[in-house]
Amino acid sequence: MTKVLERMISMPVGVVLRRTKGVTKWAAWHWKPTGVLPGAAPADWRILREENGVTEFHAATLTLELHRKETEAYLTTLTMNPPSVYVILRPAEDADHPHEVEPYAVTASAFEAQDYLDSGEEIVEPVIAPPGLVAWIREFTDTHHVEEEFKKRRRRDWSEEAEDGRGDARVRQDADVYRAPGALKPKSIH
């Protein structure tokens, strides 16, 4: 019996955010993702711990997806020391939101995380992945990764296609098609 390989798999992952007092007068709070909870139930800013002005929330449960065409990015993430996943935070869209940020995505792709960093609008933080999550990502990557052979691109030899100075190749004449119109008039003899 042949095993059917999934193109994409997913898992719910809880996002743990730590809130501490801001260090400037412009930022009341500092937010930092500090953990992920594989297989977590839905949550909406459940307080996990609160002491000495530091509060940790199970802010949200998001879906972590693995796609078989992105295994190279997952390998990059797995070779980090320690292996991590990335949590992407965005500023809260609603002015009435009780917190300044909201979890937007969780990814195991270092390349996708870099794309979010390049936009400059999100907060992107690596979070140490628990051993069970690392094993899940590694199993998917080992199953689907295909090493692609590097192919050096060959330059075209433009000398073969270069014009010979005679103009359009579709015009069959030996004379230069770019000659001046005055050269076409017959010369009169006086």
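The values are calculated or read from the model by the stated rules, or taken from the named source; none is laboratory data. Computed from a predicted structure; not experimentally measured. Here Cβ is always computed from backbone atoms with ideal geometry, including for glycine, and neighbour counts include all displayed protein chains.
Yes/no matrix, rows are residues, columns are (1) of a type in the set (Lys, Arg); (2) under 19 Å from ILE9 (Cβ atoms); (3) modelled with pLDDT under 90:
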site	(1), (2), (3)
LYS69	yes, yes, yes
ALA73	no, yes, yes
PRO82	no, no, no
VAL87	no, no, no
ARG90	yes, no, yes
ASP96	no, no, yes
VAL106	no, yes, no
SER109	no, yes, no
GLN114	no, no, no
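Any residue in the stretch 88-102 that is assigned to a strand (DSSP E or B) and within 30 Å of VAL146 (Cα to Cα)? Checking the stretch 88-102: at least one residue is assigned to a strand (DSSP E or B) and within 30 Å of VAL146 (Cα to Cα).
TYR86 satisfies every condition listed in (1) under 20 Å from TRP136 (Cβ atoms); (2) surrounded by fewer than 19 Cβ atoms within 10 Å (Cβ to Cβ) except (2). Mind checking which residues of the stretch 120-136 are closer than 17 Å to ARG18 by Cβ, without any contact (Cβ under 8 Å) to a residue 60 or more places away in the chain and more than 17 Å from the chain's Cα centre (by Cα)? Residues satisfying the conditions do not exist here. Residues being surrounded by fewer than 17 Cβ atoms within 10 Å (Cβ to Cβ), in a loop (DSSP other than H, G, I, E, B) and in contact (Cβ under 8 Å) with a residue 40 or more places away in the chain are entirely absent from the stretch 103-119. Among residues of the stretch 122-145 being in contact with a strand residue (DSSP E or B) (Cβ under 7 Å, 6 or more places away or on another chain) and assigned to a loop (DSSP other than H, G, I, E, B), the one that is surrounded by the most Cβ atoms within 10 Å (Cβ to Cβ) is ALA129.
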